[in-house]
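The values are calculated or read from the model by the stated rules, or taken from the named source; none is laboratory data. Since the structure is predicted, the reported quantities are computational estimates derived from the model, not experimental observations. Neighbour counts run over all protein chains shown; Cβ positions are idealised from the backbone, glycine included.
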Amino acid sequence: MARDNINDILVFLAVARERSFTRAAAKLGMTQSALSHIIRSLESRLGVRLLTRTTRSVSPTEAGERLLQNVAPRLEEIEAEITAISDLGDKPSGTVRITAIDYTVDTVLWPRIAPLLLQYPNLHVEMNSEYRLIDIAAERYDIGVRHGDQVEKDMVAVRLTADVPMLIVGSPAYFKRHAAPSSLQELMRHNCICLRLPSSGGIYAWELLDQGRPIEARLRGQALFTSVYPMLDAALAGCGLAFLPESMVKEHLDAGRLVSVMQDWCPSFQGLHAFYPSRRNSSRALALVIEAIRFKD
């Protein structure tokens, strides 16, 4: 196959995986018109339509799906082998793509990865802040980060943190207007700051403990966000109660800007783990990143 065909297939795979010319263009650093031209040219050379386009969506045709399922894994194997060969050199190189929520990127990953990048100038790391539960193999990430109980059994998992205590917090100003809750019934009458889950579109149910028994509390309030940082800001502003990691609120608790309530109802989540398919283990770049971010007592 001509080299141009391979490059164009890589563009097609990006569009097919993203189901969007807009998102694929942003990921590839190209214009949508350039992507459209490449796809049309590839379809013309192959003599088949690869994508079905509507005003709202893009999806592979039968031929496109066959290309996605059968050719993509072979190209990934080639890419992995080329990376493994380049690792034989004196200077580790390559790009490691990581998906994690913004708070984890800021507080866990970046502080550990920054010194590594200074040490290895040919190493590149792309970190994408996502609250979705991503299929990292399908979306071509090298590493995902989740709590231990959320990691698929067929993945290699490496612990990044100790277990994560959670807390229900509110500002002193909020508690001047509202009595602190001590039961689930009282908590449900409070203005709770909630998180919308991008994967399902639903609202995250607080995972609490009722006398040691796990329960899901479906709470509501005036403020609804899609990431944790605005939830913290809203709690500090006195807008309601938030359910957040202890590490995120500790400095505010120590300074008296926040108050913790219902501690007996708050669990500790399993520690954060980096996970990746076992076949990725051949990359020296990946091994360096994993070693840098792993939990060290």
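Please name all residue pairs, on different chains or six or more residues apart, with Cβ atoms under 6 Å, provided the first residue is in the range 42-70 and is in the same structural domain as residue 14 (by TED's automatic domain parsing) and the second residue is assigned to a loop (DSSP other than H, G, I, E, B) and of a type in the set (D, E, K, R).
If the second residue must be assigned to a loop (DSSP other than H, G, I, E, B) and of a type in the set (D, E, K, R), the pairs left are 43/49; 58/19; 61/49.
Please count how many residues of the range 224-258 are in a loop (DSSP other than H, G, I, E, B), in contact with a strand residue (DSSP E or B) (Cβ under 7 Å, 6 or more places away or on another chain) and among the hydrophobic types (A, V, I, L, M, F, W, C).
The qualifying residues number 1.
Residue by residue through the range 156-186, note down the ones that are under 11 Å from residue 242 (Cα atoms) and in a helix (DSSP H, G or I).
none
Which one of the conditions (1) of a type outside the set (Asp, Glu); (2) within 17 Å of residue 248 (Cα to Cα); (3) modelled with pLDDT under 95 does residue 170 fail to meet, given that it meets all the rest?
(3) is the only condition that residue 170 fails.
Which condition number does residue 5 fail, the rest of (1) under 29 Å from the mean Cα position of the chain (by Cα); (2) in a helix (DSSP H, G or I); (3) without any contact (Cβ under 8 Å) to a residue 60 or more places away in the chain being met?
(1)
Have a look at 216, 207 and point out the one that is surrounded by fewer than 14 Cβ atoms within 10 Å (Cβ to Cβ) and assigned to a strand (DSSP E or B).
Criteria check complete, one pass: 216.
Scan the range 44-59 for residues that are closer than 18 Å to residue 20 by Cβ, out of contact with any strand residue (DSSP E or B) (no Cβ under 8 Å at 6 or more places or on another chain) and surrounded by 14 or more Cβ atoms within 10 Å (Cβ to Cβ) and report the count.
The number of residues fulfilling the criteria is 1.
Name the single residue, out of those in the range 95-151 being of a type in the set (Val, Ile, Thr) and in contact with a His (Cβ under 8 Å, 6 or more places away or on another chain), that is modelled with the lowest pLDDT.
Looking at the filtered set, the residue picked out is 151.
Table: residues versus (1) in contact (Cβ under 8 Å) with a residue 12 or more places away in the chain; (2) among the hydrophobic types (A, V, I, L, M, F, W, C); (3) touching a Ser or Thr at 6+ places or on another chain (Cβ under 6 Å); (4) not assigned by TED's automatic domain parsing to the domain that holds residue 121.
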{"position": "204", "(1), (2), (3), (4)": "no, no, no, yes"}
{"position": "216", "(1), (2), (3), (4)": "no, no, no, yes"}
{"position": "219", "(1), (2), (3), (4)": "yes, yes, no, yes"}
{"position": "224", "(1), (2), (3), (4)": "yes, yes, no, yes"}
{"position": "277", "(1), (2), (3), (4)": "yes, no, no, no"}
{"position": "284", "(1), (2), (3), (4)": "yes, no, no, no"}
{"position": "288", "(1), (2), (3), (4)": "yes, yes, no, no"}
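Can you confirm whether residue 199 is within 30 Å of residue 75 (Cα to Cα), exposed (fewer than 14 other Cβ atoms within 10 Å of the Cβ) and assigned by TED's automatic domain parsing to the domain that holds residue 148?
no
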